[in-house]
Structures are given as structure tokens and as C-alpha cells.
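The values are calculated or read from the model by the stated rules, or taken from the named source; none is laboratory data. What you see is a predicted model, and the numbers here were worked out from it, not measured in a lab. A quick note on method: Cβ atoms are made from the backbone with ideal geometry, for glycine too, and the neighbour counts reach across all protein chains shown. Note: accessible area is taken over every heavy atom of the protein model, side chains too, but ligands, DNA and RNA are not part of it. Shrake-Rupley method; radii C 1.70, N 1.55, O 1.52, S 1.80 Å.
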Amino acid sequence: MAETMVGSNPKPKYVRRILPLALTIVIGIALSMAAYLYTNEVERQRLESEFNQLATGRATAIRKEVDLHVGTLGSTRSLYATENVGRAKFRNFTSDTLKQYKSTTAMMWIPRIMAGDRQAFELGAERDGLPNFHIVERHDDNQFHLAGQREEYFPAYFVEVSGDYEIVLGLDASSDSAWLSAMVQARDEGRLVAAPSERTTARGANTDNTKDIIVFNPIYQIGLPRETVEQRRKNFLGFTAAIYRIGGLVEEVLKTFKSADIGIVVFDDAGPSGSTLLYGNALPPAAQADSGAAANMASGTFGFVTTFDVAGRKWSIAATPSTQYGSGKLFSLPRITLAAGLSFTGLLALFFLGLIRRTTQVEKLVTERTAELSTAYQQLKESEAQLIQSEKMASLGQMVAGIAHEINTPLGYVSSTVELLGERMSIVNSLLGDFESLAKMMTAPGTEDGGLERQFEIVSGKIKVVRSEGSVQETSQLLKDSIYGLKRIQEIVVGLKDFSRLDRAMIADYDINKGLDQTLLIAQNLLKNKVAVTKHYDKLPKVAGSPSQINQVLLNIIKNAAESIDKSGKIVIKTWRERGMAKVSVEDTGCGIPADILPKIFDPFFTTKEVGAGTGLGLSICYKIIKQHGGDIAVSSETGKGTTFVVSLPMTETMEIRKTA
């Protein structure tokens, strides 16, 4: 049945109802896409972080293994710390190293032979068991020939190899320019220096793609200085050297890792024409000759590059993920997130379609319930305001009765003094009359001396009587009593005015110690002849708050403390500062509050007094006022011993406090 709407246009209401559905679909799709992009990026970053950790582990292991291999060459210095190192001693020293470190293919002793000592050296080598020994060099035809004339030679003399590696004895290391440069640097700087090796020490060509390096370790004469370059050159004996197969070393390291999804490439960046590939299982053959390949390794989806020093040369280790790395991981979660988001959006859209059908009934029901709740809330507010006002009036009535009593006492002093002064005024008036008569007689012409003398005697007699009766001193004391009584009345009136002024319900600087004194003055009628009050005030800065509201809290607490004391007792009031808060404690020796009642004392309408004696709103109002001031109120009590209330107010609070009804 078609819906009929009277007095209104159905189109705006229809648009208003369908708008949430449209917004839900649009926002749902947008959030789903955002979630997809976000999770996709998170997954990519997670995989990249995981890849970097794996690559870092491999690079660190390779670096440690290289350092370990090169470090074994440095240990040969201890061998040459003694005299007479022969071939057998060298073989014994290096054999364990070659067995343990498979990638160390050869270790050599390369002495320095001056040109004048060449023939004698070659003859000595033959006597040492090396027939037909000559110092040779390798030419471009890949053949070995006798070394040409030069000032000094560095022939391979003691040679120990691993496996099928073959070394040409007598090969002059200085005939290779790269080696010569490394040897000069090692000799002058006194440290290990590496150089590339294309197996120039071996017979035959290099038949695989494995790169080798040779490391030179300078040896100097024992006991002679080597602090300067000149001293090192003068006392230089030769080199111990080792050749390392980098491919084998890296492969041995990578075998210790389970996953093979990461490609590793090692470059020597100190080559004369840029980077030289030392090892690579991640680049195609065409790319391995590219000197910039290491720098470009990190330009893909993931990439990792690190550099380190190897015997004076800078090496780079680059890692890239294989095509199988992260397969099935990346994009799976983002796609699931996208599907879940779109599904949820569809379900939510269906839900809104169902809601649209009930919109009219819900709107009507909400309108009716809102009107009922508004009426009930207004009635509750009015009732609460009346009860709070009743509580205020009850406290004010007790306060006014006590203040009236306090004013009556000094007012009695003043009244009695005025009556006595009235009596004394008759004597003063009589004495003034005699003085006037004496003055007239003294100024009138023809006055007899006898009459003037009698008048003097009358005035003198009355003065003596006044002095003998103490009227002057008594009158002076009566005036002092009257002034004291009037000042006492003034103090009470001013205190009452400051305590209850409505214009002080707004925010102002409040002196807590002064407010306590004013409150005690107002509550004096409840305390005297019954409670001994002890005050311990600390010097406090003024706080921001409503003076009349804070006074109401202090009066309520002090009044409750006084009422809890049966015949006589004590109230101790302390103020101090603690952690940016101004603290006030009121401790009494009254009857205390039972433990089962203590948690309820701040509840509205809770009271332990007889019916008609209280509304149960006093402490509830106090709690509300202190909380509005940004403070706190706490209580501790022990039955039969007394109760302690502690009020805390912030010393720097400047927020606006709502005026309590």
C-alpha cells in the first residue's frame, strides 16, 4: 500500500534516510582500499625487514670468514720471529692452515733478492733440492721466461698448496704490476695488503669463473727498528703470502644457511677500472662484467649492500631476493583484507536497508521518549535544587543561631557600659555647672572675694569626691570594654559577610588559612566549652577557586567533627603542601564512623542522623564542590577514636568552577 504523507515533502526525508546507506558504501569501499594499500605496504616492509636480517646474517658470516682466513696469514709473523726458517719448518707451520681452511689454496715465502745476489740465490736453491731453479716471469703468451734485469726480485721460494693447485717456483711476484703495487704498500705501511690474482702463479689458464686474491704480509729483520718508512724499507726481508679462492670461501659460508632464496654477489671496489666481481650467484653472465652492478643491486623490490675492508681493499657484498623469495606471502594478506572489507561493507549496506524500513517508527518512538525523559530530568533537577537549598538553609540556620549568640555577649558589654556612662554623666553635668558659675563670678565685675572663695571650695570638694570614688578610672575602663565589644561584633559581622557573600561564588584567589579562621569564627558556638581546636598552618600560596563554596565545605566538615564529639574532645586542623596540591586535614576525637558505613558517606541522601535532622546531602555537596575545583577529598576513621578528613586543592588550578545551585 502506498504511503501517503500530508503537509510534507517526502523527497527530502527519503534522501535523508538513503544518505547513510550511500555514505556507508562509499566510505566502506574507501576504507577497504586504504586497508588494502596499508596492509600491502606493511607486508612489503615486513618482508624487506626479514630480507635485510637474512642478508645481514650472510654478509656478516662472509666477512668473519674472510677475516679469519686472512688472519691466518698474519700468524706467520710469529714463525719469522726466530732465525733460520727452512722449507720443512715452513711446511709444518702452514700444513694445518691449508687443511683447516679449504679456500686457502696456497701459502708462500717470497724473499727479497737484490740483483747482485740473484745468481748465488739460484745456485743455493739448486743445492736446497730445487734443480734447474731460476727466477722467472710470465709473458703475454702465457708462457714463463727468465726474469729480466731489475734492481730486486721477489721469487716464490717456499710454496705450499692445497689440492691440485700448482705453483711455479721462482715466479717473480714483482713482475705483476698489481702485485708490485700491493707489495710496496705492504712493505712501507707494515701491514697486510691484498691484490687480485688471476692464478698467475699457476701453470695453465684459469678454467673457471672463480676469482682469487693474494695477500702479502711483510717480514722484517728481527730486532731492528721499523717505526718509519725508511727503517721498514732498509730492514725488509720479504713477504709471506697466501692465495684465497673467494668463490669457495663464500660457497662454504652459504651452505650453513638453510634458505637459498637470496642471491649474493661480492665485488672488489678497489680495482683500477671500478668494481671487479669476485663471486656472484645472483647476476646473469652478461651483468657480471658491469662495474656498477653492486650499486644497482638495491634498486629492485628489496636490496641490501654493505662494504668492508679486506687487507687494504674495499669490498662490497650485495644481496637480492630470488624470484621465489616471499612467494605466496606478499599480497595474500592485503587481498584477504580487501575482500573482508568489501564483504563487511556489503553486510553493513544490507543492515542499513533493513533499518530504513523501521526509521519512521523509531523516530516517533524516540520523540516520545525524549519528551518523557526531558520532563523527568527537569523534575529531577528541580528536586535536587530544592534539596540542596534545604541543606544550605539548614546549615545557615544553625550558623545564624550561633552567630546571634556570639553577638549578644559583646552587645551586653556595650549596653551595660552605656548605662553606667549615663549615670556618670549626671556627676559630670553637676561639676560642669559649678565650673560655669565659677567662671561667671571670676569674670563679673564687683564680685566679692568671699563668694569667689566659697565657689572654689565647692568645685574642689566635688573633684575630690569624684577622684576618691574612682569614677574617672572606672569610666575609662568602661570605654575600653565598649570598644572591645564593638570590635568583636565587627569581626563577627565581617567574617559572616566574607564567609557567605554570594558574589564570591565566582573564581577568585582564595587563602585557605584565612578561610579556616573565618570558618572557625562562624562555628564558634558549636565549638566553645566542648572542643579544643589546635591549628598547625603551613605557609600556602593562594589557590584559584570559589571562596563561598570552599568555605561551605570547610564548615560542613568542622560542624560534623564537632557534632561527633559527645562531651569534650579535640579537633586538630593542619595545612601543608604536597606535590603541587594544597592539603587541609581536619582530625577529631569523636565517635568515628563504622567501617561498613564509611564508603557510603559521600552518596547523595545518605545520612545516619534521625529523620528530620539532615537531608544526607552535606558531604555529597562537599565532594561535588571539591571535584569541580580539580581536587580530592578523602576520609579515614576508626570507631571510638575519631575521624580525619583530608581535602586536596590544586595550587595552580585556573579552570572555571561551576556555581553549585
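Could you check region 516-603 for strands (runs of 3 or more DSSP E) lying wholly inside it with 2 or more residues that are under 19 Å from D632 (Cα atoms)? Break it down stepwise before answering.
Numbers: elements: 531-536, 543-545, 569-578, 581-588.
Here the list reads 543-545, 569-578, 581-588.
Name the residues in region 98-122 that are more than 19 Å from P155 (Cα to Cα) and either more than 54 Å from the chain's Cα centre (by Cα) or charged (D, E, K, R) (or both), would you? Full working, then the answer.
Residues of region 98-122 more than 19 Å from P155 (Cα to Cα): 98-104.
Hits for region 98-122 are L98, K99, K102.
Let's see how each residue does on (1) surrounded by 14 or more Cβ atoms within 10 Å (Cβ to Cβ); (2) touching a helix residue (DSSP H, G or I) at 6+ places or on another chain (Cβ under 8 Å):
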site: A22; (1), (2): no, no
site: A30; (1), (2): no, no
site: I62; (1), (2): yes, yes
site: Y101; (1), (2): yes, yes
site: D117; (1), (2): yes, no
site: L123; (1), (2): no, no
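Regarding region 611-618, can at least one residue be identified that is under 14 Å from Q549 (Cα atoms), modelled with pLDDT under 90 and not in a loop (DSSP other than H, G, I, E, B)?
Step one: filter region 611-618 for residues under 14 Å from Q549 (Cα atoms), giving 618.
Retained after the next criterion (residues that are modelled with pLDDT under 90): 618.
With not in a loop (DSSP other than H, G, I, E, B) added as a condition, the list becomes 618.
Yes, some residue in region 611-618 is under 14 Å from Q549 (Cα atoms), modelled with pLDDT under 90 and not in a loop (DSSP other than H, G, I, E, B).
So, V543, is that one surrounded by 14 or more Cβ atoms within 10 Å (Cβ to Cβ), at pLDDT 85 or above and over 40 Å from the mean Cα position of the chain (by Cα) or not? Before you say what the answer is, go through the steps one by one.
Details: surrounded by 14 or more Cβ atoms within 10 Å (Cβ to Cβ): yes; at pLDDT 85 or above: yes; over 40 Å from the mean Cα position of the chain (by Cα): no.
So V543 fails the test.
Could you list, in sequence order, the residues of region 163-186 that are within 21 Å of V85 (Cα to Cα) and in contact with a helix residue (DSSP H, G or I) (Cβ under 6 Å, 6 or more places away or on another chain)?
The one that is within 21 Å of V85 (Cα to Cα) and in contact with a helix residue (DSSP H, G or I) (Cβ under 6 Å, 6 or more places away or on another chain): A173.
Say we look at region 412-447 and pick out the residues that are at pLDDT 70 or above and part of a loop (DSSP other than H, G, I, E, B); which of these is nearest to S482 (Cα to Cα)?
Checked region 412-447; the qualifying residue nearest to S482 (Cα to Cα) is A444.
Out of the residues in region 506-518 that are modelled with pLDDT under 85 and buried (at least 17 other Cβ atoms within 10 Å of the Cβ), state the one that is nearest to L555 (Cα to Cα). First the steps, then the outcome.
Initially, region 506-518 is screened for residues modelled with pLDDT under 85, giving 506-508, 518.
Narrowing further to those that are buried (at least 17 other Cβ atoms within 10 Å of the Cβ): 507, 518.
Numbers: I507: 19, Q518: 9 Å.
Among them, the one singled out is Q518.
Which ones in region 568-584 are surrounded by 18 or more Cβ atoms within 10 Å (Cβ to Cβ) and of a type in the set (G, A, S)? Break it down stepwise before answering.
Here is the first cut: in region 568-584, the residues surrounded by 18 or more Cβ atoms within 10 Å (Cβ to Cβ) are 571, 573, 575, 581-584.
Within region 568-584, A582 is the sole residue that qualifies.
Yes or no: Q45 modelled with pLDDT of 85 or more and under 30 Å from S332 (Cβ atoms)? Steps first, answer last, please.
Details: modelled with pLDDT of 85 or more: no; under 30 Å from S332 (Cβ atoms): yes.
For Q45, the condition - modelled with pLDDT of 85 or more and under 30 Å from S332 (Cβ atoms) - is not met.
Could you tell me whether L333 is open to solvent by 60 Å² or more (accessible area, probe 1.4 Å), part of a helix (DSSP H, G or I) and either of a type in the set (S, T, Y) or modelled with pLDDT of 80 or more (or both)?
On the way: open to solvent by 60 Å² or more (accessible area, probe 1.4 Å): yes; part of a helix (DSSP H, G or I): yes; either of a type in the set (S, T, Y) or modelled with pLDDT of 80 or more (or both): no.
Considered against the rule, which asks whether it is open to solvent by 60 Å² or more (accessible area, probe 1.4 Å), part of a helix (DSSP H, G or I) and either of a type in the set (S, T, Y) or modelled with pLDDT of 80 or more (or both), L333 comes out as no.
Does Y377 count as over 30 Å from I557 (Cβ atoms), modelled with pLDDT under 65, in a helix (DSSP H, G or I) and open to solvent by 90 Å² or more (accessible area, probe 1.4 Å)?
Numbers: over 30 Å from I557 (Cβ atoms): yes; modelled with pLDDT under 65: no; in a helix (DSSP H, G or I): yes; open to solvent by 90 Å² or more (accessible area, probe 1.4 Å): yes.
Taking the combined requirement at face value, the residue does not satisfy it.
Could you give me the residue pairs with C-beta distances under 8 Å whose first residue belongs to region 67-86 and is under 17 Å from I222 (Cβ atoms) and open to solvent by 30 Å² or more (accessible area, probe 1.4 Å), whose second residue is outside any helix (DSSP H, G or I) and at pLDDT below 90 wherever it lies, and which are 6+ apart or on separate chains?
A81/I222; T82/I222; E83/I222
Given I625, I593, I633, which one is more than 41 Å from the chain's Cα centre (by Cα), among the aliphatic types (A, V, I, L, M) and modelled with pLDDT of 80 or more?
Numbers: I625 fails: more than 41 Å from the chain's Cα centre (by Cα); I633 fails: more than 41 Å from the chain's Cα centre (by Cα).
Exactly one residue qualifies, and that residue is I593.
Might you let me know whether region 636-643 holds any residue that is surrounded by 17 or more Cβ atoms within 10 Å (Cβ to Cβ) and either assigned to a helix (DSSP H, G or I) or modelled with pLDDT under 85 (or both)?
no
Among the numbered criteria (1) under 30 Å from S332 (Cβ atoms); (2) open to solvent by 50 Å² or more (accessible area, probe 1.4 Å); (3) hydrophobic (A, V, I, L, M, F, W, C), which one does A55 miss?
(2)
Of the residues in region 230-271, how many are open to solvent by 50 Å² or more (accessible area, probe 1.4 Å), closer than 25 Å to N217 by Cβ and either hydrophobic (A, V, I, L, M, F, W, C) or assigned to a strand (DSSP E or B) (or both)?
Number of matching residues: 2.
Which of the residues belonging to region 133-158 are in contact (Cβ under 8 Å) with a residue 60 or more places away in the chain and open to solvent by 30 Å² or more (accessible area, probe 1.4 Å)?
R138, N142
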